[in-house]
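Remarks on the structure that follows.
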Amino acid sequence: MFGVIASGKLVQTDFQQCGETKFATTVMEADSVTDVVVFLTGAQPFPPETAGLVYFSWPDAEAPPTWHLLGYISNDKPSAIFSIADLKKDNPKNFAGFSFGEQKMSHHAQIGISVEPLTVASEQASRAVDRTTKPIVEFGQKMIENFVNYVASFTLSVQQVTPAIDENYVPLSALRNWYNNFERRLRINPTFWK
C-alpha cells in the first residue's frame, strides 16, 4: 500500500504492519539521507475519511527510536516530500507511548505510518509544522531586527558625513525597506530563504 524513496536510495515498498493501523519500514544506511518521499502505491487506497501520519526515526545506537512527525498522506494527497536534513538524532520531540512495533535500538532509520481519521491527521500535521516553523520565524525576525538596530546606531546626518573615496553610503530608508520586505516574506513562507 505504501512506498518510500529516501534520497540516494531505491524505492522501498516493504512496509510491515506493526499494529491494527500502524506500518513501518527500515531505511538502511540512512546517515546521508536528506529527504524522503512517501506515497501510496495505488494498490489500495486509504479507507474513506482516513489518512496516514508519516513519522521518521533517526538511527541511534544508544537509545530506542525517537519518532518525528513529518506530515501526512491521504487519498487526496497520495504523496509528499519531506526534508529530514534538519532533524537531530537527539531531538526530544518524541511521542510518549507512541511506537511502531517492538522498539529495538538500531543503526538504521525507520519510517512509520499511522492510519488515523483525516481530520486528526490534518490537525496533528498542522501543529507539527507550526512547532518547527515558529522558532525559525522568531529567529529570523530577531536577527534582522538586531541587524537594523546595529546599523542604525551608526547613522549620521548628511552634514556629519565626511566624504571618503573608499566608502559607500546606503540610505537608512533602503535598509528599513529591506527589513520590511524580509519580514513580510518570512511571515508568508518561513523557509523562503532556503
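The values are calculated or read from the model by the stated rules, or taken from the named source; none is laboratory data. Just so it is clear, the model here is predicted, and its values are computed rather than measured. A quick note on method: Cβ atoms are made from the backbone with ideal geometry, for glycine too, and the neighbour counts reach across all protein chains shown.
Going by what's in this entry, would Ile73 be described as buried (at least 17 other Cβ atoms within 10 Å of the Cβ) and in a strand (DSSP E or B)?
yes
Just to be sure before I move on: is Ile144 in a loop (DSSP other than H, G, I, E, B) and β-branched (Val, Ile, Thr) in the structure I sent? Please lay out each step first, then the result.
Values: in a loop (DSSP other than H, G, I, E, B): no; β-branched (Val, Ile, Thr): yes.
Spelling it out, it is not the case that Ile144 is in a loop (DSSP other than H, G, I, E, B) and β-branched (Val, Ile, Thr).
Just to check your reading of the model, which residue among Phe98, Phe39, Phe56 is modelled with pLDDT under 90 and of a type in the set (A, V, I, L, M, F, W, C)?
Details: Phe39 fails: modelled with pLDDT under 90; Phe56 fails: modelled with pLDDT under 90.
From the options Phe98, Phe39, Phe56, the qualifying one is Phe98.
Does Asp86 satisfy the condition of being modelled with pLDDT under 80, over 21 Å from Phe46 (Cα atoms) and surrounded by 14 or more Cβ atoms within 10 Å (Cβ to Cβ)?
no
Would you mind finding the one in Ala121, Ala174, Ala125 that is closer than 30 Å to Pro47 by Cα, assigned to a helix (DSSP H, G or I) and modelled with pLDDT of 80 or more?
Just a single option satisfies the conditions, and that option is Ala121.
Name the residue that is surrounded by the most Cβ atoms within 10 Å (Cβ to Cβ), counting only residues in segment 27-53 that are β-branched (Val, Ile, Thr) and under 16 Å from Phe82 (Cα atoms).
Restricting to residues being β-branched (Val, Ile, Thr) and under 16 Å from Phe82 (Cα atoms), the top hit is Val38.
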